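As structure tokens, the structure follows; a few thoughts come after it.
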Amino acid sequence: MDHTENKVIEYYKHFHSHPELSFQEFETTKKIKEILTEHHIEVLNLPLATGLVAVVGKGDRSIALRADIDALPITEETDLPYKSQHQNIMHACGHDSHTSALLGTALLLKEQEDKLQGKVLLVFQPAEEAPGGAQKIIDTKVLDPIEAIFGIHSDSTSKVGTLTIRKGPTHASVERFKLVFKGVGCHAAHPNDGVDPIIAASQFVTAAQSIVSRNVHPQHACVVSITHLEAGSTWNVIPQSALLEGTIRTFDKDTRTIAKNRLVQIANGIAATFNLTVDFSWEIEVGNTFNDEQLASFAKTVALKDNFEVQEGQPSTGGEDFALYQEHKKGLFILFGTGKSAPAHNPKFTIDVNAIYPVSKYLANLAQDYFTTQEQA
Ligand code: NI
């Protein structure tokens, strides 16, 4: 094991045992900064409360490599010697492996800086899970001059040494919606004195399922899930209101628009039918990731040269705020196999540490080769 690999695994274990939630990654940011500074890598001075951007190389051309750094509100249930030391917080989505892999890349690129024919921005993004961290980075305008951005994510369904590189959509757009049907509360024995929001909510749950089955093109993927329903508190009172929450997942703009419009129409229609009002709001809206075709072929070539096994994989109905970068710039989101384990977001989720350093090397090679093989955009 080479010296840098040892360091990268050590960083990984540190981050794993010290996870922090979205927008609270203060110690994580401090540690990343410490490591970069110790290796004489420049950290840019940006108005970010958590997360940071560092730079290696020089010249007119630039690209960005992005890792996310936040953890989840989950209590870890593994027996790892480096398991989470923070109550009810866990790196259960592998962002600690992304962070340490990108630190490895930073160290490698710094060592080969004289060969590097452009600038590489190393983006340690906060709050992917929140989501919203990507927007914080975009708002600093630090990425305005870049030609392309590459993001990585661990994949617990593939073995170590595998990269998933797809063209087109890889992660779904994410909508989180919330609605409240407002009726009139009354005694359950005299329903005619009130307006029952539970009847409306029940009809809404059922009617919303017709969006996928009746409105969306049969060959276009779409998920509509109602996941939260709250109304009433006892058996003999018709409550005043009913709250519902849920999510829509799609892979293209048309399907997204159809699903969103129909959901609002159905909510309004049901409110009219049952003579009550509805407050509808979109709480989170992130588009789908979309991988640039040319970047995908380029990344695949580098991966094969690095002896990775490359697969196409399937798009995921999970979301990724990497999509926000791709609204502005050409981007590629790559998954790396971390060996079979419990799925991401599960308290028993683990990563094979041997998966991390090869990704550091790969991203360094990707950056080097980008400037020598890809035409300036
Ligand atoms: Ni994740």
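The values are calculated or read from the model by the stated rules, or taken from the named source; none is laboratory data. A quick note: this is a predicted structure, and the numbers were derived from the prediction, not measured. Note that each Cβ is placed from the backbone with ideal geometry, even for glycine, and that neighbours are counted across all protein chains shown. Side chains included, ligands, DNA and RNA excluded: accessible areas come from the protein's heavy atoms. Shrake-Rupley method; radii C 1.70, N 1.55, O 1.52, S 1.80 Å.
If you take just the strands (runs of 3 or more DSSP E) that sit entirely in the range 270-377, which of them hold at least 1 residues that are modelled with pLDDT under 95 and open to solvent by 50 Å² or more (accessible area, probe 1.4 Å)?
277-286
Just wondering, is there one or more residues in the range 174-195 that are within 22 Å of residue 345 (Cβ to Cβ) and surrounded by fewer than 17 Cβ atoms within 10 Å (Cβ to Cβ)?
Yes, there is a match, as at least one residue in the range 174-195 is within 22 Å of residue 345 (Cβ to Cβ) and surrounded by fewer than 17 Cβ atoms within 10 Å (Cβ to Cβ).
Which is open to solvent by 80 Å² or more (accessible area, probe 1.4 Å), on the phi < 0 side of the Ramachandran plot and in contact (Cβ under 8 Å) with a residue 24 or more places away in the chain, of 209, 219, 203?
Details: 209 fails: in contact (Cβ under 8 Å) with a residue 24 or more places away in the chain; 219 fails: in contact (Cβ under 8 Å) with a residue 24 or more places away in the chain.
Sole residue among the options that is open to solvent by 80 Å² or more (accessible area, probe 1.4 Å), on the phi < 0 side of the Ramachandran plot and in contact (Cβ under 8 Å) with a residue 24 or more places away in the chain: 203.
Let me confirm something: among 360, 341, which residue is within 16 Å of the ligand (Cβ to nearest atom) and over 19 Å from the mean Cα position of the chain (by Cα)?
341 is the lone residue from the list that is within 16 Å of the ligand (Cβ to nearest atom) and over 19 Å from the mean Cα position of the chain (by Cα).
Output the residues belonging to the range 107-118 that are touching a Lys or Arg at 6+ places or on another chain (Cβ under 9 Å) and open to solvent by 40 Å² or more (accessible area, probe 1.4 Å).
Of everything in the range 107-118, those that are touching a Lys or Arg at 6+ places or on another chain (Cβ under 9 Å) and open to solvent by 40 Å² or more (accessible area, probe 1.4 Å) turn out to be 113, 117.
Do we have residue 50 as of a type in the set (Ser, Thr, Tyr), on the phi < 0 side of the Ramachandran plot and in a helix (DSSP H, G or I) here?
Numbers: of a type in the set (Ser, Thr, Tyr): yes; on the phi < 0 side of the Ramachandran plot: yes; in a helix (DSSP H, G or I): no.
It is false that residue 50 is of a type in the set (Ser, Thr, Tyr), on the phi < 0 side of the Ramachandran plot and in a helix (DSSP H, G or I).
For the range 15-24, give me each residue that is touching a helix residue (DSSP H, G or I) at 6+ places or on another chain (Cβ under 9 Å) and not hydroxyl-bearing (Ser, Thr, Tyr).
Residues satisfying the conditions are 15, 16, 18, 19, 20, 23.
Filter the range 119-170 down to residues that are among the polar types (S, T, N, Q) and more than 16 Å from the ligand (Cβ to nearest atom) and give me whichever is most open to solvent (accessible area, probe 1.4 Å).
The selected residue is 135.
Among the listed residues 128, 175, identify the single one that is under 30 Å from residue 280 (Cβ atoms), assigned to a loop (DSSP other than H, G, I, E, B) and in contact with a strand residue (DSSP E or B) (Cβ under 9 Å, 6 or more places away or on another chain).
Values: 175 fails: assigned to a loop (DSSP other than H, G, I, E, B).
None of the other options fit; the residue is 128.
Of all residues in the range 42-86, count the ones that are basic (Lys, Arg) and within 14 Å of the ligand (Cβ to nearest atom).
1
Looking only at the range 335-377, which residues are under 26 Å from residue 71 (Cβ atoms) and charged (D, E, K, R)?
340, 348, 352, 361
Scan the range 224-251 residue by residue and report those that are among the β-branched types (Val, Ile, Thr) and either free of Cβ contacts under 8 Å to residues at least 60 places away in the same chain or farther than 16 Å from residue 178 by Cα (or both). Before the answer, list the steps.
First, the residues of the range 224-251 that are among the β-branched types (Val, Ile, Thr): 224, 226-227, 234, 237-238, 247-248, 250.
Passing the criteria: 224, 226, 227, 234, 237, 238, 250.
Looking at the range 87-110, which of the residues that are out of contact with any helix residue (DSSP H, G or I) (no Cβ under 8 Å at 6 or more places or on another chain) and more than 16 Å from the ligand (Cβ to nearest atom) is modelled with the lowest pLDDT?
Within the range 87-110, the match that is modelled with the lowest pLDDT is 87.
Can you tell me which residue in the range 158-172 is farthest from the chain's Cα centre (by Cα), limited to those that are more than 18 Å from residue 317 (Cβ to Cβ) and part of a strand (DSSP E or B)?
It comes out as 162.
Look at the range 230-257 and say how many of its residues are open to solvent by less than 70 Å² (accessible area, probe 1.4 Å) and closer than 15 Å to residue 220 by Cα. Show your work before the answer.
At the first step, the residues of the range 230-257 found to be open to solvent by less than 70 Å² (accessible area, probe 1.4 Å) are 231-232, 236, 238-239, 241-252, 255-256.
With closer than 15 Å to residue 220 by Cα added as a condition, the list becomes 248-252, 255-256.
The number of residues fulfilling the criteria is 7.
Can you tell me which residue is farthest from residue 116 (Cα to Cα) among those in the range 1-60 that are in contact with a strand residue (DSSP E or B) (Cβ under 8 Å, 6 or more places away or on another chain) and open to solvent by 70 Å² or more (accessible area, probe 1.4 Å)?
It comes out as 33.
Working carefully through the options 29, 50, find the one that is in contact with a helix residue (DSSP H, G or I) (Cβ under 6 Å, 6 or more places away or on another chain) and touching a residue at least 60 places away in the same chain (Cβ under 8 Å).
50
State which residue pairs qualify: first residue at negative phi and inside the range 136-164, second residue polar (S, T, N, Q) and assigned to a helix (DSSP H, G or I) in any location, beta carbons under 7 Å apart, and separation of 6 or more residues or different chains.
Close Cβ pairs (under 7 Å, with a partner that is polar (S, T, N, Q) and assigned to a helix (DSSP H, G or I)) amount to 154/97; 160/354.
Determine whether residue 104 is within 30 Å of residue 148 (Cα to Cα), within 16 Å of the chain's Cα centre (by Cα) and surrounded by 24 or more Cβ atoms within 10 Å (Cβ to Cβ).
no
Residue-by-condition table, conditions (1) closer than 30 Å to residue 370 by Cα; (2) free of Cβ contacts under 8 Å to residues at least 60 places away in the same chain; (3) within 16 Å of the ligand (Cβ to nearest atom); (4) of a type in the set (S, T, N, Q):
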position	(1), (2), (3), (4)
258	no, yes, no, no
288	yes, no, yes, yes
296	yes, no, no, no
313	yes, no, yes, no
319	yes, no, yes, no
